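Novice: Have a look at the structure that comes next, please.
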Amino acid sequence: MRRKDSYCTFMVKRLTVHKSAIQIEKNSTEGSRESGRLVGGCIHAALLIFLSLAACSNPNVRAGVQVVGDISNESGIQLNLPAACEHWRPILIHELNAVRAGYLKMRTWSESELAPSNLQMEVCIDEYSAGRLMRLRNLEGTPRVARTYPSHRLAIVPLPRRDLLLLNRQRPPLTWLQTFRHEAAHLLSLDDSNFRSSPVWFQEGVAESLAGERTDPWYSQDLWRDGLHEKDLGQPVTELWEGLSAEGLLQARQLVAESAIRVGGATPWQQAGDWTIQDFLNSAGLPAAKKRINLMTQLGREFDPPSEASSSFLATYPGQTCTAVVEPLWGGGSRQWGIRLGSSGSAEGGLLVSGEGPNQLRLRFGRTGGFGAQMETKGAVGFQPLGSPTPARAGKERQVKLVVQGNQLLVEMENLRESFSLDDKFRPPFRVEAWAHDSAMSVKGRSSFLEASLRLR
Ligand SMILES: [Zn+2]
């Protein structure tokens, strides 16, 4: 489906929700996906499987880039930034230039000049600011959903929240940068009449291709294969994305568009449009079967994987939740994390420890300094009060230490020492997940599993 005045939402990448639930072109904003379940069994066997599979993946370039010194904007897009993000300008201009260069390189459908002008990219500090701008310009849509407005030659990309923990970072979160690049690709293609006559799947696939590759362990490259069966291989390629999650849909369109472009010609989308799914797999050199096991799951937006310079980072849109596994298979010894919450929103976050059995342990921090540890049933929703507000702890990095000792899991949080019995309802191997609700949150911590997977990139 295609709207006349817009053709993109960020939410397709932001939340991995089922397509029928989100209706991408309808700009629905709510959605969630069941978290991936812990892959049980022997830790060492799973680690070996993961490492051997990771070793087969291609080394690629991270979408985030380092920019040093002055850089000139060659993209033809005017970048309007909130003052609080002005320090991101060199990075974002670098990204705009990269998207333009990538777009020019992939255009098999035209050799004509592309001299975009009068294009505007508005980065809004939060969805409220985006809403004000939309009302001012009489624009439709949902303010938290990034979107390009062709007739206004304008793209609006909101940040998840106005929070110093986010704004003080050296660069925006990786997932947000991808949205930024995706919308920039739509903007740059506005005057490319040949391209604009192509089907939506091709235009979205190209924009997603230009959004930048991810090779961090949290990104599953196989979502497009969900639900793909041998019996479907003779179906038209456009059936590939029927019933996929929103993120899988984007992946599928990207892969088919990239394969079509490799074939080339003036209308690559037409040749590819005649493909069966098997033709596409042959063209792309991809097997139909799933190859990888992804233990590092991540849900919700926005997320920045850790780098040498910075820790893992989560920043949600108002009222939403973002999660990322920080330790996928942990069975013994001790682990320690440093958690820091922002000060915007209701600001709550922490860790969730789940293993074999129906129970899970939730470790919570609040922005006013309260904290708590509670055992809960998986899938159940419950509310328990946080400890007393302690202003001295607010805004500080707070430590959590977990130790598996005998048949106990010991938890040290601030001045709390508590032990939880390991039994049929709660036992290793554990998966530890960072979660942030209506908040920005950074998570420092070492994981030998993660370090091994990063070395193999
Ligand atoms: Zn789009």
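No value in this document is a laboratory result; all are computed from the given coordinates. Since the structure is predicted, the reported quantities are computational estimates derived from the model, not experimental observations. We place every Cβ from the backbone using ideal geometry, glycine too, and count neighbours over all the protein chains shown.
Novice: With an 8 Å Cα cut-off and a minimum separation of 6 or more residues, compute the relative contact order for region 298-455 in percent.
Specialist: Working: 395 pairs, mean separation 58.3, N = 158.
Over region 298-455, the number comes to 37 percent.
Novice: For region 298-455, compute Rg over Rh where Rg is the Cα radius of gyration and Rh is the Kirkwood radius from the inverse mean 1/r over Cα pairs. Let's see the in-between values first.
Specialist: Working: Rg = 14.8 Å, Rh = 15.7 Å.
My calculation puts Rg/Rh at 0.94.
Novice: Cα centroid distance between region 137-193 and region 362-412, in Å?
Specialist: Each part reduced to its Cα centre gives a spacing of 35 Å.
Novice: Among the listed pairs K396/K444; K378/K425; K231/K290; K105/K290, which are separated by more than 19 Å between their Cα atoms?
Specialist: Checking Cα-Cα distances, K105/K290 exceed 19 Å.
Novice: Based on other C-beta atoms within 10 Å, arrange T297, T377, T267 from fewest to most. List each step's numbers first, then the result.
Specialist: On the way: T297 21, T377 12, T267 15.
Starting with the residue having the fewest Cβ neighbours, the order is T377, T267, T297.
Novice: Right, next: Under the rule a/c < 1.5 gives rounded, and otherwise a/b versus b/c splits prolate from oblate, where does region 172-328 land using the Cα gyration tensor? Don't jump to the answer; show the numbers that get you there.
Specialist: Values: a/c = 2.31, a/b = 1.40, b/c = 1.65.
Note, shape of region 172-328 comes out oblate.
Novice: Moving on to the next point. Shape call for region 412-457 from the C-alpha gyration tensor, a ≥ b ≥ c root eigenvalues: rounded (a/c under 1.5), prolate (a/b greater than b/c) or oblate? Write down the numbers at each step before the final one.
Specialist: Numbers: a/c = 2.00, a/b = 1.25, b/c = 1.60.
Oblate shape, in that a/c is at least 1.5 and b/c is the bigger or equal ratio.
Novice: Region 74-98 to region 223-239: how many Å between their Cα centroids?
Specialist: 39
Novice: Pop out the ³J(HN,Hα) list for region 361-375 in order, Karplus 6.51 cos²θ - 1.76 cosθ + 1.60 with θ = phi - 60°, rounded to Hz; leave Gly and Pro as x.
Specialist: So the Karplus estimates, Gly and Pro as x, are 10, 9, 10, 10, 10, x, 6, 8, x, x, 7, x, 10, 9, 8 Hz.
Novice: Order of S197, S312 from fewest to most other C-beta atoms within 10 Å?
Specialist: Working: S197 12, S312 22.
Exposure proxy ranking, most exposed first: S197, S312.
Novice: If each residue's Cβ is checked for other Cβ atoms within 10 Å, how do D279, D163 rank with the fewest at the top? Each step should come with its number before you reach the end.
Specialist: Details: D279 17, D163 22.
Listed from fewest to most nearby Cβ atoms, that is D279, D163.
Novice: How about region 367-423: which GluC sites (Glu not before Pro) there are in a DSSP loop, with at most 16 other Cβ atoms within 10 Å of their Cβ?
Specialist: Numbers: sites: E376, E397, E412, E414, E418; in loops: E397, E414.
Answer in residue order: E397, E414.
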